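Following: one structure in structure tokens, then a few remarks.
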Amino acid sequence: MKNLSPKLKKTILTGVLLLSQINYAATFIKAEETAFKYIKATEIVNDRYIFEECHGNREELKCRNLFSDYRTFARSDIKKMADMNGRHALYAAGADVAILAVSAYLGLIIGAKATAAYYIGTGVSLDGGVAAAGGFFFGAPTGTAAGSAMAAGLDELDPFVHRDMSIALEQVIGVADEDDLDDVEAQRRKEGMIVEIEDINFDQLKNKIKGQLEDLD
């Protein structure tokens, strides 16, 4: 399929998706802080999945693929992402305690270094977000220029964001534990399962999912 034109890929995948929706339910991943926007994950054929950005009421959603080349992802790829987010939840939970404790005794500089160490440990980019998040947690003024970078980085320090994402991705491939789904208050609807990621907005959700999918290549 890599040799097909983007337009032909879109036509083929759209047709397959329409046929497969009879058999496969979608998973809608939403951000707690943004209404009427979703990342929709759907199995189309042979354990291959697509991810779409959707907005509107679920009965009349307008969706488009997250990627211009309409790429698909294997079940094993999504399981790998779910496991990675589970690990990051543990890293972030430990980092929350350790970073705040260190900063309380050793001040801003050590606190910022501890923040950077966490980011390096989880493989997150250090561009912009670390300094801004460090300033937020440890008292240094960030200024308006750093505001967006801080917002983008805060979810990386929140273990619940990673945990919820892990559960959502497990639901995409049908292996999520029912107790975990209850914990995130997932909702079953005729269109599919809705899983909410708390404490982030849609742009953060989209960037997180798209970035992790791109890292699979």
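The values are calculated or read from the model by the stated rules, or taken from the named source; none is laboratory data. Predicted, not measured: the structure shown is a model, and the values here were computed from it. A quick note on method: Cβ atoms are made from the backbone with ideal geometry, for glycine too, and the neighbour counts reach across all protein chains shown. Heads up: the accessible areas ignore ligands, DNA and RNA and are worked out on the full protein's heavy atoms, side chains in. Shrake-Rupley method; radii C 1.70, N 1.55, O 1.52, S 1.80 Å.
A search for C-beta distances below 7 Å between a residue of segment 76-96 that is in a helix (DSSP H, G or I) and open to solvent by 30 Å² or more (accessible area, probe 1.4 Å) and any residue that is at pLDDT 95 or above and not polar (S, T, N, Q), counting only pairs 6+ apart in sequence or on different chains, returns Lys79/Ile173.
Considering the conditions (1) part of a strand (DSSP E or B); (2) at pLDDT 95 or above, Ile44 is excluded by exactly one of them, (2).
Selection of segment 156-185 for residues being over 17 Å from Asp199 (Cα atoms) and polar (S, T, N, Q) yields only Gln171.
Residues checked against (1) in contact with an Asp or Glu (Cβ under 7 Å, 6 or more places away or on another chain); (2) closer than 12 Å to Ile29 by Cβ; (3) modelled with pLDDT under 95:
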position	(1), (2), (3)
Glu178	no, no, yes
Asp182	no, no, yes
Arg188	no, no, yes
Glu191	no, no, yes
Asp199	yes, no, yes
Phe202	no, yes, no
Ile209	no, yes, no
Leu216	yes, no, yes
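Listed conditions (1) open to solvent by 60 Å² or more (accessible area, probe 1.4 Å); (2) under 16 Å from the mean Cα position of the chain (by Cα); (3) on the phi < 0 side of the Ramachandran plot are all met by Asp199, apart from (3).
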